Amino acid sequence: MTIARVAIIGLGLLGGSIGLAIKARGLAIATTGWDRDAGVRERAAERGLVDQVCERAEDAVAGADLVILCVPVGAMAEAARAIAPGLAPHAIISDVGSSKEAVAKALAKALPGACIIPAHPVAGTEQSGPDAGFAALFAGRWCIITPPEDCDPAALDALSDFWTGLGSRVELMDAAHHDLVLAVTSHIPHLIAYTIVGTASDLEDVTQSEVIKYSAGGFRDFTRIAASDPVMWRDVFLTNKGAVLEMLGRFSEDLTALQRAIRSGDGDTLFDLFTRTRAIRRQVIEQGQDDERPDFGREHGE
Ligand code: NAP
């Protein structure tokens with residue numbers, strides 16, 4: 001099956017980047033888009049995120065071979081209901097949500113009988129909205145597709161080819177496993193960043209200005225993650241509750257062990273852990289998932 005028309009619902013960072021990537025890569029795909037926010041629709045049209053921004057959801061999806069829901073995970077069901085009246089019978093419905101089991105259930109309930117293949121491009125930034133998207137967002141990044149058991153193989157191939165066409169590397173995964181893996185690699189790190197930035201700003205014996213002034217000591221890198229969209233992240237934690245709580249339990253145990261090592265002066269435990277974690281950073285760079293220049297490649301001048 002050929003994907004010649006794509007409808008993008010939600011024209012923020014992810015939706016905008018998909019539209020721009022399709023254009024930048026010269027793919028023979030016509031794009032339409034819709035967002036519930038009139039201001040976002042206007043800005044999306046100004047930036048040319050898609051070929052045609054529609055005023056109504058059902059018009060955006062009419063005739064589309066692939067519809068991609070790019071809204072917060074808590075809004076997937078509402079967006080699915082909005083597009084339902086306009087869907088072509090052959091359309092593949094996919095999404096970019098950061099948690100997968102809950103989204104798969106919400107979409108199946110809202111669109112019974114539709115060809116639903118959830119996906120999650122593991123690519124993003126702390127920015128959101130229609131000005132945040134950029135064409136290279138998916139280049140070299142993984143897109144995890146979580147097909148249901150009864151998935152149409154031709155539709156799955158077409159969706160995989162679509163993401164490969166945007167420059168992504170595609171991996172197929174069971175939705176529950178996706179949620180567990182992403183709890184460790186993304187959701188818990190965000191929770192830790194939100195916590196440490198919140199704790200620092202609540203401290204009474206260290207002033208706010210000192211926290212900001214000396215932020216380059218590590219805090220600064222947490223503030224980037226903790227600046228991520230509050231709606232998106234609220235929804236991620238509410239929809240991936242089980243996996244996040246399981247991983248948080250493991251994390252708390254490890255943190256307690258470190259606390260004990262510090263209290264008892266057990267330098268070997270600290271040194272061994274820090275040596276292992278440094279090796280993991282090296283692997284992240286070797287696999288092209290980050291910049292090997294010091295300080296994430298920030299320019300420091302002379
Ligand atoms: P975003 O920049 O905030 O864009 C989402 C857009 O969807 C907003 O314009 C929002 O409008 C709109 N929207 C909300 N509810 C809607 C509805 N019911 N119908 C139509 N439009 C609606 O967010 P994003 O970063 O692109 O995230 C979108 C999805 O991608 C989320 O599910 C997220 O989990 C996933 N994701 C994000 C990242 C990341 O790093 N940001 C990475 C991978 C995947 P309003 O402003 O009016 O709410």
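For the stretch 278-302, the set of residues classified as within 17 Å of Arg220 (Cα to Cα) and of a type in the set (Gly, Ala, Ser) consists of Gly297 only. Number of residues in the stretch 16-38 that are under 14 Å from Gln52 (Cβ atoms) and in contact with a Gly (Cβ under 7 Å, 6 or more places away or on another chain): the value is 4.
Working only within the stretch 47-75, note down all residues that are among the acidic types (Asp, Glu) and part of a helix (DSSP H, G or I). The answer is Glu58, Asp59. I need the full set of residues from the stretch 189-225 which are surrounded by 15 or more Cβ atoms within 10 Å (Cβ to Cβ) and touching a residue at least 60 places away in the same chain (Cβ under 8 Å), in order please. The answer is Ile225, and nothing else. It is to be established whether one or more residues within the stretch 204-211 are within 30 Å of Lys23 (Cβ to Cβ) and of a type in the set (Asp, Glu). No: zero hits. Identify, from the list Asp202, Asp221, Asp235, the residue that is out of contact with any helix residue (DSSP H, G or I) (no Cβ under 9 Å at 6 or more places or on another chain) and either more than 16 Å from the ligand (Cβ to nearest atom) or within 25 Å of Ser98 (Cβ to Cβ) (or both). Among Asp202, Asp221, Asp235, only Asp202 is out of contact with any helix residue (DSSP H, G or I) (no Cβ under 9 Å at 6 or more places or on another chain) and either more than 16 Å from the ligand (Cβ to nearest atom) or within 25 Å of Ser98 (Cβ to Cβ) (or both).
It is to be established whether one or more residues within the stretch 119-140 are more than 10 Å from the ligand (Cβ to nearest atom), among the small types (Gly, Ala, Ser) and within 18 Å of Thr185 (Cβ to Cβ). Scanning the stretch 119-140, I find at least one residue that is more than 10 Å from the ligand (Cβ to nearest atom), among the small types (Gly, Ala, Ser) and within 18 Å of Thr185 (Cβ to Cβ), so the answer is yes.
Restricting the stretch 250-288 to residues that are among the polar types (S, T, N, Q) and open to solvent by 60 Å² or more (accessible area, probe 1.4 Å) leaves a set whose member that is nearest to Phe138 (Cα to Cα) is Gln287.
For the stretch 281-302, give me the residue count where each residue is of a type in the set (S, T, N, Q) and not in a helix (DSSP H, G or I). Don't jump to the end; show me each part of the working.
Keep residues of the stretch 281-302 that are of a type in the set (S, T, N, Q), which gives 283, 287, 289.
Next cut, not in a helix (DSSP H, G or I) only: 287, 289.
Final tally of qualifying residues: 2.
Taken over the stretch 163-191, residues that are part of a helix (DSSP H, G or I) and touching a Cys at 6+ places or on another chain (Cβ under 9 Å) amount to 2. The set of residues in the stretch 228-248 that are closer than 13 Å to Ser128 by Cα and open to solvent by less than 60 Å² (accessible area, probe 1.4 Å) comprises Ser228, Asp229, Trp233.
Of all the listed residues (Asp235, Asp266, Asp272), the sole one being closer than 30 Å to Met76 by Cβ, of a type in the set (D, E, K, R) and either touching a Phe, Trp or Tyr at 6+ places or on another chain (Cβ under 8 Å) or at pLDDT 95 or above (or both) is Asp235. For the stretch 1-52, the set of residues classified as in contact (Cβ under 8 Å) with a residue 60 or more places away in the chain, of a type in the set (D, E, K, R) and open to solvent by 30 Å² or more (accessible area, probe 1.4 Å) consists of Arg5, Lys23, Arg25, Arg43, Arg47, listed by residue number.
Residue count for the stretch 234-275 satisfying the condition of being under 19 Å from the mean Cα position of the chain (by Cα) and in a helix (DSSP H, G or I): 11. Against the conditions (1) of a type in the set (D, E, K, R); (2) within 18 Å of Leu238 (Cα to Cα); (3) open to solvent by 30 Å² or more (accessible area, probe 1.4 Å), Glu126 satisfies every one except (2).
Of all residues in the stretch 76-101, those satisfying the criterion of being within 11 Å of the ligand (Cβ to nearest atom) and assigned to a helix (DSSP H, G or I) are Met76, Ala77, Glu78, Ala79, Ala80, Arg81, Ala82, Ile83.
The values are calculated or read from the model by the stated rules, or taken from the named source; none is laboratory data. As the structure is a prediction and not an experimental result, all values here were calculated from the model. Every residue, glycine as well, gets a Cβ built from its backbone with ideal geometry; the counts of neighbours run over all protein chains shown. Ligands, DNA and RNA are excluded from the accessible area calculation, which covers all protein heavy atoms including side chains. Shrake-Rupley method; radii C 1.70, N 1.55, O 1.52, S 1.80 Å.
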